[in-house]
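Trainee: Below you will find the structure I want to go over with you.
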Amino acid sequence: MTEIKLVFDEPVQRKKAPKHLADFSPEERRALAVENGLPAFRANQVATHYFTHLSNDPETWTDIPADMRSKVAEIFTPKLIELVTTRTTDNGMTRKDLWKLHDGVLVESVLMRYTDRVTVCISSQAGCGMNCPFCATGQAGLTRNLTAGEITEQIVAAARACVNGELPGGEARLSNIVFMGMGEPLANYNAVVRTLRNITAPNPDGLGISARSVTVSTVGLVNGIEKLMDEGINCTLAVSLHTPDDELRDSLVPINSRFKVREVLAAADAYEKKTGRRYSIEYALIRDINDQSWRADLLGRLLKSRNAHVNLIPLNPTPGSKWTASRREDEAEFVRILESYGVPVTVRDTRGREIDGACGQLAAAEKSK
Ligand code: SF4
């Protein structure tokens, strides 16, 4: 009898994403131009078009000879991401884009306009290997790391949407970038650091956005935090703590079995000392799981002498999940207790709920169609 092989049982052999100018440092871009028979200064022109003018179509770059443009496109600007759907809410002020990558993998980014800023929340991995049980992305596991090009493209697309006046209120400037979409940024370290340099390098080498306006959110990969503080980038660090005690954190954030609360906070303190940047503690409030007064009390005691700010996030329940947001009164009590310790605390607004705003939910919905 012929054995029938189930194709979906095979490990997926993925073709590597094409290299893009955003995968390289400015020096590497120049070397790449020369390797391909182009003068080095063409790489600078390309970077100016991409990072300063947010253009990725060499056919429109009239300072590059017409017969050179297809070569330039091939080397520097292959198409990496394609828009699948856009969903908006909050009267169009929040917009979630679902992107398809070269191998069919789906990731998402969320663009949010506030009165004083425009923020994009981007994905650094397709899926996530950290397996937090309350998170849609974590449930699907890690598909693959994104390249610096694929991460940067989400940001440049957002910046372009702002400049083109695609959000209500007209033309705007992308001001803030948060690595809080799908994935654990520090588990894709090199691509994320390359992206951080693309964001913060002044024009034309990068987007020229201040590191103060960039937040990298981690579940607490201590080795990653320690490495990041030596990069000289000085972006803001956000640590997803979700509970102050190891006992619960071991199950809520499984990487806690490797890096305990005490070690994570020590790494965040060291980051703060080295960079001078106050860090934030992300805490998804989950009803009857981590929202008890005694946990607020323990968190207050842990943080009262640290330069940290707490962001409480009412959990956005994922379909079919037993986890849900805390009661209003429990949330208010949690805030009150933290404030009694002098810990600065905000309750994050839940933008994008109506459009499957929790990380990974739009990609999950698209896959199940
Ligand atoms: S909460 Fe963050 S780190 Fe945890 S599984 Fe989800 S995306 Fe990954």
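Trainee: Tell me yes or no: at least one residue of region 86-107 is crowded, with 23+ Cβ neighbours inside 10 Å, within 14 Å of the ligand (Cβ to nearest atom) and in contact (Cβ under 8 Å) with a residue 40 or more places away in the chain.
Mentor: The answer is yes; a qualifying residue exists.
Trainee: Just give me the residues in region 224-252 being among the basic types (K, R) and crowded, with 22+ Cβ neighbours inside 10 Å, in sequence order.
Mentor: Result: R249, single match.
Every residue, every condition in (1) among the acidic types (D, E); (2) farther than 27 Å from R30 by Cβ; (3) under 18 Å from the mean Cα position of the chain (by Cα), yes or no:
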{"position": "N188", "(1), (2), (3)": "no, no, yes"}
{"position": "D205", "(1), (2), (3)": "yes, no, no"}
{"position": "V214", "(1), (2), (3)": "no, no, yes"}
{"position": "V219", "(1), (2), (3)": "no, yes, yes"}
{"position": "G232", "(1), (2), (3)": "no, no, no"}
{"position": "C235", "(1), (2), (3)": "no, no, yes"}
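Trainee: Further question: Just need a number here: residues in region 128-165 that are within 9 Å of the ligand (Cβ to nearest atom), under 14 Å from the mean Cα position of the chain (by Cα) and of a type in the set (S, T, N, Q).
Mentor: Matching residues across region 128-165 total 1.
Trainee: Considering every residue within region 31-39, establish whether at least one is within 23 Å of N190 (Cα to Cα), aliphatic (A, V, I, L, M), surrounded by fewer than 18 Cβ atoms within 10 Å (Cβ to Cβ) and out of contact with any helix residue (DSSP H, G or I) (no Cβ under 6 Å at 6 or more places or on another chain). Step through it out loud before you land on a result.
Mentor: Kept after step one, since they are within 23 Å of N190 (Cα to Cα), are these residues of region 31-39: 31-33.
Narrowing the set further to residues that are aliphatic (A, V, I, L, M) leaves 31-33.
Next, only the ones that are surrounded by fewer than 18 Cβ atoms within 10 Å (Cβ to Cβ) stay: 31.
Next, only the ones that are out of contact with any helix residue (DSSP H, G or I) (no Cβ under 6 Å at 6 or more places or on another chain) stay: 31.
There is at least one residue in region 31-39 that is within 23 Å of N190 (Cα to Cα), aliphatic (A, V, I, L, M), surrounded by fewer than 18 Cβ atoms within 10 Å (Cβ to Cβ) and out of contact with any helix residue (DSSP H, G or I) (no Cβ under 6 Å at 6 or more places or on another chain).
Trainee: Among the residues that make up region 253-266, is at least one of them surrounded by fewer than 22 Cβ atoms within 10 Å (Cβ to Cβ), in the same structural domain as V178 (by TED's automatic domain parsing), within 18 Å of the chain's Cα centre (by Cα) and charged (D, E, K, R)?
Mentor: The answer is no, given that none of the residues of region 253-266 is surrounded by fewer than 22 Cβ atoms within 10 Å (Cβ to Cβ), in the same structural domain as V178 (by TED's automatic domain parsing), within 18 Å of the chain's Cα centre (by Cα) and charged (D, E, K, R).
Trainee: Same structure, new question: Could you tell me how many of the residues in region 286-308 are open to solvent by less than 30 Å² (accessible area, probe 1.4 Å) and within 26 Å of R212 (Cα to Cα)?
Mentor: Final tally of qualifying residues: 4.
Trainee: May I pose another question? Search region 110-124 for residues being crowded, with 23+ Cβ neighbours inside 10 Å and in contact with a helix residue (DSSP H, G or I) (Cβ under 6 Å, 6 or more places away or on another chain), and hand back the single one that is nearest to V192 (Cα to Cα).
Mentor: Top of the filtered list is S124.
Trainee: Exactly one of these conditions fails for N36: (1) free of Cβ contacts under 8 Å to residues at least 12 places away in the same chain; (2) not assigned by TED's automatic domain parsing to the domain that holds G206. Give me its number.
Mentor: All conditions pass for N36, except number (1).
Residues are listed down the side, and each one gets a yes or a no for (1) among the β-branched types (V, I, T); (2) open to solvent by less than 10 Å² (accessible area, probe 1.4 Å); (3) more than 23 Å from L98 (Cβ to Cβ):
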{"residue": "G141", "(1), (2), (3)": "no, no, no"}
{"residue": "T152", "(1), (2), (3)": "yes, yes, no"}
{"residue": "E166", "(1), (2), (3)": "no, no, no"}
{"residue": "A172", "(1), (2), (3)": "no, no, no"}
{"residue": "N190", "(1), (2), (3)": "no, no, yes"}
{"residue": "L196", "(1), (2), (3)": "no, yes, yes"}
{"residue": "G206", "(1), (2), (3)": "no, yes, yes"}
{"residue": "S213", "(1), (2), (3)": "no, no, yes"}
{"residue": "V222", "(1), (2), (3)": "yes, no, yes"}
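Trainee: For the subset of region 328-352 comprising residues that are at pLDDT 95 or above and part of a loop (DSSP other than H, G, I, E, B), which member is nearest to the chain's Cα centre (by Cα)?
Mentor: P344
Trainee: Could you tell me how many of the residues in region 300-327 are at pLDDT below 95 and hydrophobic (A, V, I, L, M, F, W, C)?
Mentor: Selection size over region 300-327: 5.
Trainee: Restricting to helices (runs of 4 or more DSSP H) lying wholly in region 61-179: which have 2 or more residues that are not assigned by TED's automatic domain parsing to the domain that holds G320?
Mentor: Passing ranges, in order: 69-76.
Trainee: Consider region 217-269. How many of its residues are within 16 Å of the ligand (Cβ to nearest atom), within 23 Å of T346 (Cβ to Cβ) and of a type outside the set (G, A, S)?
Mentor: Summing the residues that are within 16 Å of the ligand (Cβ to nearest atom), within 23 Å of T346 (Cβ to Cβ) and of a type outside the set (G, A, S) in region 217-269 gives 14.
The values are calculated or read from the model by the stated rules, or taken from the named source; none is laboratory data. Quick caveat: nothing in here was measured; it's all calculated off a predicted structure. No Cβ is skipped: glycine too gets one built from the backbone with ideal geometry, and neighbour counts run over all protein chains shown. Ligands, DNA and RNA are excluded from the accessible area calculation, which covers all protein heavy atoms including side chains. Shrake-Rupley method; radii C 1.70, N 1.55, O 1.52, S 1.80 Å.
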